[in-house]
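Accompanying notes for the structure given below.
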Amino acid sequence: MLLETELRGATAVVCLSNPPVNALSSAMRGAMFDQLSELDSRKDVAGIVVAGSGRCFCGGADIREFDRPARHDEPLVPALINAIERSNKPVIAAIHGVALGGGCELALGCHYRIAAADARLGLPEIKLGLMPGAGGTQRLPRLVGLEAALQMILSGDAVSAARALDLGLVDQVVEADLIDAAVAYAEARAGGGETPRRLSSLDVPPLKDVDSVIEAASARFVARARGLIAPGHCLESIENSLSMPFESALARERELFIECRESEQSKAQRHLFFVEREAAKVPGVSKKTPVVEVRRAAVVGCGTMGVGIAVCFADAGIPVTVHDASKAALDTGFERMRAIYQTAVTKSRLSKREMEARLSHVGRAEDLAALADADIVIEAIVEEMDAKRALFRTLDALCKPETILATNTSSLNVDAIAAATKRPDRVIGTHFFSPAHVMKLMENVRADATSLETIACVMRFSRKLNKVGVLVAVCDGFVGNRMYHNYTRQAAFLLEEGALPQQVDQVIYDFGFPMGPFAVGDLAGLDVSWRIRKRRAATRPSEERYSPIADRLCERGRFGQKSGAGWYRYQPGGRKPEPDPAVDALIVARSEEMGLERRTIDEKEIIERCVYVLINEGARILEEGIVSRPGDIDVIWRHGYGFPVHRGGPMFYADHIGLKKIRDALLCYYQRDGDATLEPAPMIEELVKKNAGFYSR
Ligand code: T1G
């Protein structure tokens with residue numbers, strides 16, 4: 001049953017029942033259309049309440065339907081909503097949980113809206129490369145005004161019930177029984193005999209400085225869209241609400257929506273939406289898997305990562321104790337934590353009270369014994385195996401038997417760390433990405449002995465920390481950094497062969513990354529990767545090509561932004577990369593040292609050498625079973641490295657380009673350069689033979 005209808009006096013309560021989010025599937029639309037038409041004609045019905053069962057009112061159109069052949073046997077979302085609005089009986093939306101996308105538009109088609117105190121309403125379509133396509137760009141400005149509508153639609157961010165009340169988006173917010181309140185509201189409206197308030201018949205509230213409001217929105221959202229079409233389409237449609245008759249503007253909205261829906265950009269963004277949810281599912285872990293509730297946490301190491309991880313727990317409201325043997329390190333770390341929150345308060349992202357509340361969740365300790373009753377302890381100390389093993393041995397003896405011991409190592413072997421304990425089943429890697437309180441990605445590293453219960457606990461609390469957790473297996477660099485290593489190697493080789501940092505970075509930026517590899521290196525600190533390269537030097541195969549340019553920069557104290565110079569130079573206190581002739585000279589000298597005649601390198605080669613080598617390593621990672629799905633790799637690269645959202649991730653992009661093209665390009669470079677990482681992976685060769693892709697194997 002997609003709908004459950006009950007009569008309360010003369011009010012019909014129609015409850016959407018399409019778990020998990022009451023998506024407006026074609027079947028749901030048909031059922032709603034028929035039910036509401038029937039209720040509209042019944043004499044014993046004076047008013048109608050539309051509500052949702054389960055976790056929310058309605059999560060919008062059924063996104064899965066967008067990639068299927070369009071069905072014409074059921075009304076489209078706009079037609080359903082227009083029919084609701086035309087009802088002569090007052091229709092009240094009773095909103096709990098969320099009303100998002102088409103769900104919010106459904107509520108806007110109702111004449112009035114009542115929300116539970118914890119409800120949230122929004123039009124997040126833009127995050128899927130879409131735009132509201134069921135009247136949202138026309139009805140919302142008429143209800144809340146141009147400025148608020150621009151902000152909601154172009155940011156895609158939901159608003160709380162309280163904010164919705166301030167905006168007039170909802171007419172009432174209730175703490176008590178939502179349906180009772182909605183029925184009472186319907187009776188009052190029906191009893192009043194007034195004509196139901198139809199947003200389509202209203203005008204957008206007048207605004208003095210319309211042009212400057214639109215220009216500001218355009219500068220903030222469209223100018224920075226970097227080739228994405230949805231922001232511009234949203235803006236055009238919202239502007240139409242000011243000047244075009246409702247019906248014409250609605251028709252234009254539909255045209256613009258279809259352009260977005262059919263775009264490769266939106267297909268890529270919808271892909272990421274689904275694979276991100278797939279990544280949370282671990283074969284063998286179900287809702288029945290027993291899970292330790294993380295009520296108390298601890299972090300060992302009060303450095304940059306330890307501070308960031310502690311902030312994640314504080315933000316999630318989980319009490320956390322931060323340990324460091326050095327009081328000075330704790331003092332510095334806690335100052336850093338306070339500074340992080342102070343910035344959020346300054347930017348009005350948090351109130352002072354909320355800041356203090358979050359800081360109150362964080363304790364400090366210089367004695368490891370204080371961590372004994374933690375449910376999980378996350379180690380974030382120096383990236384050295386002996387130090388980590390010693391600490392895990394100590395924690396193993398100290399902590400209660402069920403405590404999970406997690407390491408934040410970015411590349412070390414978690415099996416070896418687990419072997420230092422008597423509880424290897426409760427040892428796991430939780431690889432946060434710097435800055436840990438900002439980056440959403442967590443690579444959760446399962447060691448050979450890690451139990452499903454431990455995996456289930458960590459995957460579940462990743463979400464509680466508002467992180468995107470992806471389960472990976474042990475290998476050098478896990479998934480993200482292992483692929484990133486090959487990407488930066490090729491970028492360095494391009495310099496030796498003829499390119500300069502600013503050229504490579506510009507091409508990678510134009511491809512859609514937030515920054516190119518050299519600007520990223522300067523931001524992260526060149527000394528970080530220098531330490532890792534020195535650790536690996538002893539085991540690096542002598543025949544493997546190696547570029548010493550980054551080492552030479554570090555030897556000159558050029559660590560990037562932190563030292564005022566790296567691949568680029570920076571004005572004192574500045575962060576804008578400026579090409580540095582001294583670096584260009586160092587690169588040219590390296591080419592001469594290699595006897596290489598520098599050549600012009602075009603954009604195509606830069607993309608193929610940097611991005612295709614990512615795809616190639618991703619294929620190898622899949623072959624080795626480090627992750628089980630190509631989508632896991634796409635999620636890692638989206639949330640850990642800023643892979644352009646409109647390209648869907650390395651593996652989705654590979655299928656879009658075509659694996660044969662990628663294989664041929666890699667083979668060409670491999671035959672010319674001989675670098676093993678360019679040799680097409682066996683999985684790619686097999687898929688090319690089958691004329692298949694990573695997502696159509
Ligand atoms: N369509 C289809 N499936 C959906 C869905 C949707 N709109 N929303 C969620 N799911 C699935 C999801 O894939 C997962 O499936 C399960 O529901 C639980 O989701 C016409 C054009 C609603 C806040 O962008 O933001 O309306 O993995 O794990 O954390 O103008 O889902 O269980 O098989 O995220 O409780 C606009 C997208 C659509 C909202 C719930 N709507 N969804 O969060 O659960 S376009 C959105 C969400 C549109 C109109 C336009 C969240 C949520 P599975 P979950 P959650």
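Taken over region 673-697, the criterion of being basic (Lys, Arg) and in contact with a helix residue (DSSP H, G or I) (Cβ under 9 Å, 6 or more places away or on another chain) is satisfied by Arg697 alone. Each residue in region 180-215 was checked for being in contact with a Lys or Arg (Cβ under 8 Å, 6 or more places away or on another chain), over 21 Å from Met244 (Cβ atoms) and outside any loop (DSSP other than H, G, I, E, B), and 2 pass.
If only one of Arg224, Arg220 is closer than 22 Å to Gln265 by Cβ and surrounded by fewer than 14 Cβ atoms within 10 Å (Cβ to Cβ), which one is it? Spell out how you get there, then give the answer.
Working: Arg220 fails: surrounded by fewer than 14 Cβ atoms within 10 Å (Cβ to Cβ).
That would be Arg224, the only listed residue that is closer than 22 Å to Gln265 by Cβ and surrounded by fewer than 14 Cβ atoms within 10 Å (Cβ to Cβ).
Can you name the number of the only condition in (1) within 30 Å of Gly649 (Cβ to Cβ); (2) touching a Gly at 6+ places or on another chain (Cβ under 7 Å) that Val427 fails? For Val427, the failing item is (2).
Out of everything in region 11-45 that is hydroxyl-bearing (Ser, Thr, Tyr) and within 16 Å of the ligand (Cβ to nearest atom), what residue ends up being modelled with the highest pLDDT?
That would be Ser17.
Looking across region 79-100 at every residue that is out of contact with any helix residue (DSSP H, G or I) (no Cβ under 6 Å at 6 or more places or on another chain), modelled with pLDDT of 95 or more and within 12 Å of the ligand (Cβ to nearest atom), the one that is farthest from Ala23 (Cα to Cα) is identified as Gly97.
Residues that are out of contact with any Cys (no Cβ under 9 Å at 6 or more places or on another chain) number at least 3 in the following strands (runs of 3 or more DSSP E) confined to region 1-111: 11-16. The single condition from (1) without any contact (Cβ under 8 Å) to a residue 60 or more places away in the chain; (2) more than 15 Å from the ligand (Cβ to nearest atom); (3) of a type outside the set (S, T, N, Q); (4) part of a helix (DSSP H, G or I) that Leu235 fails is (1). Across region 273-306, the qualifying residues are those that are β-branched (Val, Ile, Thr) and within 14 Å of the ligand (Cβ to nearest atom), and the one among them that is nearest to the chain's Cα centre (by Cα) is Val275.
Which residues, taken from region 66-78, are free of Cβ contacts under 8 Å to residues at least 40 places away in the same chain and either away from the ligand (no atom under 15 Å from the Cβ) or not basic (Lys, Arg) (or both)? Walk me through how you get there before you give the answer.
Quick first cut of region 66-78, residues free of Cβ contacts under 8 Å to residues at least 40 places away in the same chain only: 68-70, 72.
Residues satisfying the conditions are Pro69, Ala70, His72.
Looking at region 176-191, can you tell me whether even one residue there is touching a helix residue (DSSP H, G or I) at 6+ places or on another chain (Cβ under 7 Å) and either in contact (Cβ under 8 Å) with a residue 40 or more places away in the chain or within 16 Å of the ligand (Cβ to nearest atom) (or both)? No, region 176-191 has no match at all. Within region 168-182, the set of residues being in contact with a strand residue (DSSP E or B) (Cβ under 8 Å, 6 or more places away or on another chain) and within 22 Å of Glu6 (Cβ to Cβ) comprises Gln172, Val174, Leu178, Ile179, Ala181, Ala182. Do we find that Asp166 is surrounded by fewer than 24 Cβ atoms within 10 Å (Cβ to Cβ), away from the ligand (no atom under 13 Å from the Cβ), closer than 29 Å to Asp40 by Cα and at pLDDT 95 or above in this structure? Spelling it out, it is not the case that Asp166 is surrounded by fewer than 24 Cβ atoms within 10 Å (Cβ to Cβ), away from the ligand (no atom under 13 Å from the Cβ), closer than 29 Å to Asp40 by Cα and at pLDDT 95 or above. Any chance you could count how many residues in region 269-320 are farther than 17 Å from Phe334 by Cβ and not aliphatic (A, V, I, L, M)? Going through region 269-320 one residue at a time, the tally reaches 20. Return the residue satisfying two criteria in turn: it lies in region 101-121 and is within 11 Å of the ligand (Cβ to nearest atom) and crowded, with 24+ Cβ neighbours inside 10 Å, and of such residues it is farthest from Val21 (Cα to Cα). Of everything passing the filter in region 101-121, Leu108 is farthest from Val21 (Cα to Cα). Of Arg638, Arg620, all but one fail to be closer than 14 Å to His271 by Cα, at pLDDT 95 or above and crowded, with 16+ Cβ neighbours inside 10 Å; the exception is Arg638. Checking Ile126, Ile63, Ile48 one by one, the residue that is of a type in the set (Val, Ile, Thr), within 15 Å of the ligand (Cβ to nearest atom) and crowded, with 22+ Cβ neighbours inside 10 Å is Ile126 and no other. Take the conditions within 30 Å of Lys534 (Cβ to Cβ), among the β-branched types (Val, Ile, Thr) and in contact with a helix residue (DSSP H, G or I) (Cβ under 7 Å, 6 or more places away or on another chain) and apply them to Thr454. Does it pass? Answer is no for this residue. Conditions first: (1) crowded, with 18+ Cβ neighbours inside 10 Å; (2) at pLDDT 95 or above; (3) under 20 Å from Cys312 (Cβ atoms). Ala365 passes all but one, so which condition is the exception? For Ala365, the exception is condition (1).
Can you tell me which residue among Gly642, Gly648, Gly658 is in contact with a Leu (Cβ under 8 Å, 6 or more places away or on another chain) and at positive phi?
Gly648
On the stretch given as region 220-232, residues that are modelled with pLDDT of 95 or more, in a helix (DSSP H, G or I) and among the aliphatic types (A, V, I, L, M) total 1. The set of residues in region 676-696 that are at pLDDT 95 or above, among the small types (Gly, Ala, Ser) and farther than 30 Å from Arg540 by Cα comprises Ala692, Gly693. The single condition among (1) surrounded by fewer than 20 Cβ atoms within 10 Å (Cβ to Cβ); (2) under 25 Å from Cys260 (Cα atoms); (3) more than 13 Å from the ligand (Cβ to nearest atom) that Ala158 does not meet is (3). The criterion of being under 21 Å from the mean Cα position of the chain (by Cα) and outside the structural domain of Ala314 (by TED's automatic domain parsing) does not hold for Phe518.
Listed by first and then second residue, the pairs with beta-carbon distance under 7 Å, at least 6 apart or on different chains, first residue in region 386-403 and crowded, with 19+ Cβ neighbours inside 10 Å, second outside any helix (DSSP H, G or I) and polar (S, T, N, Q), are Lys388/Thr407; Lys388/Thr409; Phe392/Thr421; Asp396/Thr421.
Remark: Pro435 matches the filter, which requires a residue to be under 21 Å from Gly480 (Cβ atoms) and surrounded by fewer than 18 Cβ atoms within 10 Å (Cβ to Cβ). Under 8 Å between Cβ atoms, at least 6 apart or on separate chains: pull out the pairs that start in region 128-153 with a residue that is over 15 Å from Glu105 (Cα atoms) and part of a helix (DSSP H, G or I) and end on any residue that is of a type in the set (Ser, Thr, Tyr) and within 11 Å of the ligand (Cβ to nearest atom). Short answer, once both residue conditions are applied: Leu128/Ser266.
The values are calculated or read from the model by the stated rules, or taken from the named source; none is laboratory data. A quick note: this is a predicted structure, and the numbers were derived from the prediction, not measured. Note that we place each Cβ from the backbone using ideal geometry, even for glycine, and neighbour counts take in every protein chain shown.
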